[in-house]
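Take a look at the structure below.
The values are calculated or read from the model by the stated rules, or taken from the named source; none is laboratory data. Remember, predicted model here, so these are calculated numbers, not experimental data. Positions of Cβ are generated from backbone atoms using ideal geometry, with glycine treated the same way; all protein chains shown enter the neighbour counts.
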Amino acid sequence: MRSAYAFFFAALLATAAFVLGTTSGLPERVGTHFGAGGGADGWMSRDGYRLYMLAFVLLFVPFIVAMIGVLPRLFPRFVNLPHREYWLAPERRDATLAFLTGHGCGFGVLTLALLAGVHWLLLDANRASPPQLATAPFVALLATFLVLLAVWMAALFRRFRTPR
C-alpha cells in the first residue's frame, strides 16, 4: 500500500513539475480548446491555463484517488461494491481496502498520464500560429487512456466478482 502511495505521489509531483516547468514557454494567449479540424476555438491566458492545469493535477486527481482509496477506510458503510458485506467482512476487510487503495492510486497515475499527454500536445499545438492540435496523437492518447481504463475496470470487477 505504501508503495502505491509513493508511486502516485511521485507521479503527482512529476506531472506538476512538468506543467510548471513548461507553461512559461507558452504564448500569453493559449489555445486550450480545439475544434474537429484541430484549430483552436477556445483560449485562456498563460497564467490561467497554468492555474487550471495545476488545480486539476494537484486537487482533482488526489480527490479522486482519495474517494477510491482513502474514503472507504474512513466510511466503509459508503463503499459501493457488489456483495459489500462479503468483501468487507473482518477476515477480508484489510485485503479489500488495500486493493482499493492500490487501485485508486493506479487510476490516479493513469489520469495524471492523460493530463501530462494532453499538456504535451497543447504545448506542441501552441508552437504554431495559429495554434493547431495534432489530431492523430490526441486520438491515440485518448484511445490508449480508454483501453487502459477498461483494463482497470475489468480488474476491479474481476477482483470483486460474486463470491463462491
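Out of all the residues in segment 71-93, which are under 22 Å from the mean Cα position of the chain (by Cα) and more than 15 Å from Phe157 (Cα to Cα)? Within segment 71-93, Leu71, Pro72, Arg73 qualify.
Within segment 135-160, the set of residues being surrounded by 15 or more Cβ atoms within 10 Å (Cβ to Cβ) and among the aliphatic types (A, V, I, L, M) comprises Leu141, Leu148, Leu156. Selection of segment 118-164 for residues being of a type in the set (Val, Ile, Thr), more than 30 Å from Ala89 (Cα to Cα) and touching a residue at least 60 places away in the same chain (Cβ under 8 Å) yields only Thr135.
I'd like to verify a number: residues in segment 25-61 that are modelled with pLDDT under 95 and part of a helix (DSSP H, G or I), how many? The qualifying residues number 1.
All of (1) of a type outside the set (Gly, Ala, Ser); (2) surrounded by fewer than 13 Cβ atoms within 10 Å (Cβ to Cβ); (3) in a helix (DSSP H, G or I) hold for Pro82 with one exception: (3).
Arg93 falls short on exactly one of the conditions (1) surrounded by fewer than 19 Cβ atoms within 10 Å (Cβ to Cβ); (2) assigned to a helix (DSSP H, G or I); (3) in contact with a strand residue (DSSP E or B) (Cβ under 8 Å, 6 or more places away or on another chain), and that condition is (3). Of all residues in segment 94-121, those satisfying the criterion of being of a type in the set (A, V, I, L, M) and more than 8 Å from the chain's Cα centre (by Cα) are Ala95, Leu97, Ala98, Leu100, Ala116, Val118, Leu121.
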